[in-house]
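Presented below is the structure to which this report refers.
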Amino acid sequence: MIHITLPDGSLREYDQPLSVYELAASIGFALAKAAVAGRVDGVLVDCGFVIQGDARVSIVTPQEPDGLEILRRSCALMLAMAVKQLHPSVLLLKGSALGDGFFYEFALQRTLTLADLIPIEVRMRMLAATNHSIRQRPLSATEQHSVYCMGDSEYLSKGPHVPATKVLQAFVLDHVGGTSLQRIYGTCWPSQEELERWRTPPQVMLVNIDERQIAFTQSVTEQLRRSGIHAHVDLRNEKIAHKIRVHSERSVPYLLVVGEKEKHGGFVSVRSCSGEDFGRMKIDQVCGFLHPKDCGV
């Protein structure tokens, strides 16, 4: 007998091993439909992971941060498949969730433009509608990185991933950058409604100088959102001057810049789209500066 302890402390008994998805289905149809992964004794696993013995298990959905990251990571995988189908000579390198979205990096003989994103996004929607399964292939004795199968192709990728592409519906590609090594960026959300809400003009845009500030910049973004501020984050692998110029031209009211000094000091540099410099501020100061009513200031 296998004993499964759920997050609310309730205990369920099963007479044989079962997958995370089967566990979710035994709890309820809606939960199984929403499941993108599981957490078994604190470890994130795919829905196909088989629970062999007593464990503490929770079902992960896109409504929690880990689930949303998995959704976006899987969308990056679907992006890779679409690019490979449209450009067979492409060399796929790496992809992942990033900030509010995802990216995939690759090498291609010609430089892609924004116009090239249209057929790629169309192909991604076809792949989502076809509902390809995404499953992890067992590793051989010499392999060190997880391999996921989607369609007839295999991809080196960190997991977990969603069980199938049908859950990847609310996404859009919005940027391509680089020359010899190119990256396509996009965003993905659990629902079209959430995607449309994200696409409304933000009150503030956070930008990092390089990848060393990614985690801190994302955490500041989440703090501002919890305070009722409509914040976006740009973690693309682009020069900071370019990111500032682009978002200033788009008339984003305020830009929050994060470098190493800001990260270690726990603050951000605040400027307006017109170039006015408000100096460095702690996060609670930023919150009060941008939205004093919601911040209790």
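The values are calculated or read from the model by the stated rules, or taken from the named source; none is laboratory data. As the structure is a computational prediction, the values presented were derived from the model and not from experiment. Methodologically, a virtual Cβ is constructed for each residue, glycine included, from the backbone with ideal geometry; neighbour enumeration extends over all protein chains shown.
Is one or more of the residues making up the range 258-281 farther than 18 Å from residue 69 by Cα, within 21 Å of the chain's Cα centre (by Cα) and surrounded by 20 or more Cβ atoms within 10 Å (Cβ to Cβ)?
Scanning the range 258-281 turns up at least one residue that is farther than 18 Å from residue 69 by Cα, within 21 Å of the chain's Cα centre (by Cα) and surrounded by 20 or more Cβ atoms within 10 Å (Cβ to Cβ).
List pairs: first in the range 163-174 and under 17 Å from residue 136 (Cα atoms) and in contact (Cβ under 8 Å) with a residue 40 or more places away in the chain, second outside any strand (DSSP E or B) and small (Gly, Ala, Ser), Cβ under 7 Å, 6+ apart or cross-chain?
Matching pairs, first to second residue: 163/48; 165/128.
State whether one or more residues within the range 218-232 are touching a helix residue (DSSP H, G or I) at 6+ places or on another chain (Cβ under 9 Å) and closer than 28 Å to residue 179 by Cα.
Yes, the range 218-232 contains at least one residue that is touching a helix residue (DSSP H, G or I) at 6+ places or on another chain (Cβ under 9 Å) and closer than 28 Å to residue 179 by Cα.
Looking at the range 125-158, which of its residues are buried (at least 18 other Cβ atoms within 10 Å of the Cβ), more than 18 Å from residue 89 (Cα to Cα) and of a type outside the set (Val, Ile, Thr)?
127, 128, 132, 148, 150, 157, listed by residue number.
Go through the range 209-234 and report how many residues are in contact with a Gly (Cβ under 7 Å, 6 or more places away or on another chain), of a type in the set (A, V, I, L, M) and more than 13 Å from residue 262 (Cβ to Cβ).
Of the residues in that region, 1 qualify.
Working only within the range 93-104, note down all residues that are more than 14 Å from residue 165 (Cβ to Cβ), touching a residue at least 60 places away in the same chain (Cβ under 8 Å) and buried (at least 19 other Cβ atoms within 10 Å of the Cβ).
Those that are more than 14 Å from residue 165 (Cβ to Cβ), touching a residue at least 60 places away in the same chain (Cβ under 8 Å) and buried (at least 19 other Cβ atoms within 10 Å of the Cβ): 95, 98, 99, 100, 101, 103, 104.
Looking at 219, 251, 227 in this structure, which one is on the phi > 0 side of the Ramachandran plot, hydroxyl-bearing (Ser, Thr, Tyr) and outside the structural domain of residue 98 (by TED's automatic domain parsing)?
Of the residues listed, the single one that is on the phi > 0 side of the Ramachandran plot, hydroxyl-bearing (Ser, Thr, Tyr) and outside the structural domain of residue 98 (by TED's automatic domain parsing) is 251.
Given (1) crowded, with 17+ Cβ neighbours inside 10 Å; (2) within 22 Å of the chain's Cα centre (by Cα); (3) not charged (D, E, K, R), where does residue 237 come up short, assuming only one miss?
(1)
Where residues in the range 175-192 are surrounded by 20 or more Cβ atoms within 10 Å (Cβ to Cβ) and of a type in the set (Val, Ile, Thr), which of them is farthest from residue 71 (Cα to Cα)?
Per the stated criteria, the residue is 184.
Within the range 132-152, work out how many residues are basic (Lys, Arg) and under 17 Å from residue 21 (Cβ atoms).
1
Conditions (1) touching a strand residue (DSSP E or B) at 6+ places or on another chain (Cβ under 8 Å); (2) without any contact (Cβ under 8 Å) to a residue 24 or more places away in the chain; (3) within 21 Å of residue 173 (Cα to Cα); (4) of a type outside the set (Lys, Arg), marked per residue:
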position: 4; (1), (2), (3), (4): yes, no, no, yes
position: 28; (1), (2), (3), (4): no, yes, no, yes
position: 40; (1), (2), (3), (4): yes, yes, no, yes
position: 44; (1), (2), (3), (4): yes, no, no, yes
position: 50; (1), (2), (3), (4): yes, no, no, yes
position: 80; (1), (2), (3), (4): yes, no, yes, yes
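Sort out for me the strands (runs of 3 or more DSSP E) sitting completely within the range 1-100 that have 1 or more residues that are touching an Asp or Glu at 6+ places or on another chain (Cβ under 9 Å) and aromatic (Phe, Trp, Tyr).
So the answer is 11-14.
Taking the range 208-223 on its own, how many of its residues are more than 17 Å from residue 255 (Cβ to Cβ) and either more than 16 Å from the chain's Cα centre (by Cα) or assigned to a loop (DSSP other than H, G, I, E, B) (or both)?
Result for the range 208-223: 1.
Return the residue satisfying two criteria in turn: it lies in the range 61-92 and is buried (at least 23 other Cβ atoms within 10 Å of the Cβ) and more than 19 Å from residue 149 (Cβ to Cβ), and of such residues it is nearest to the chain's Cα centre (by Cα).
The selected residue is 72.
In contact with a His (Cβ under 6 Å, 6 or more places away or on another chain) and touching a residue at least 24 places away in the same chain (Cβ under 8 Å): does that describe residue 120?
no
Determine which single condition residue 110 fails, assuming it passes every other condition in (1) within 27 Å of residue 239 (Cβ to Cβ); (2) in contact (Cβ under 8 Å) with a residue 12 or more places away in the chain.
So the condition that residue 110 fails would be (2).
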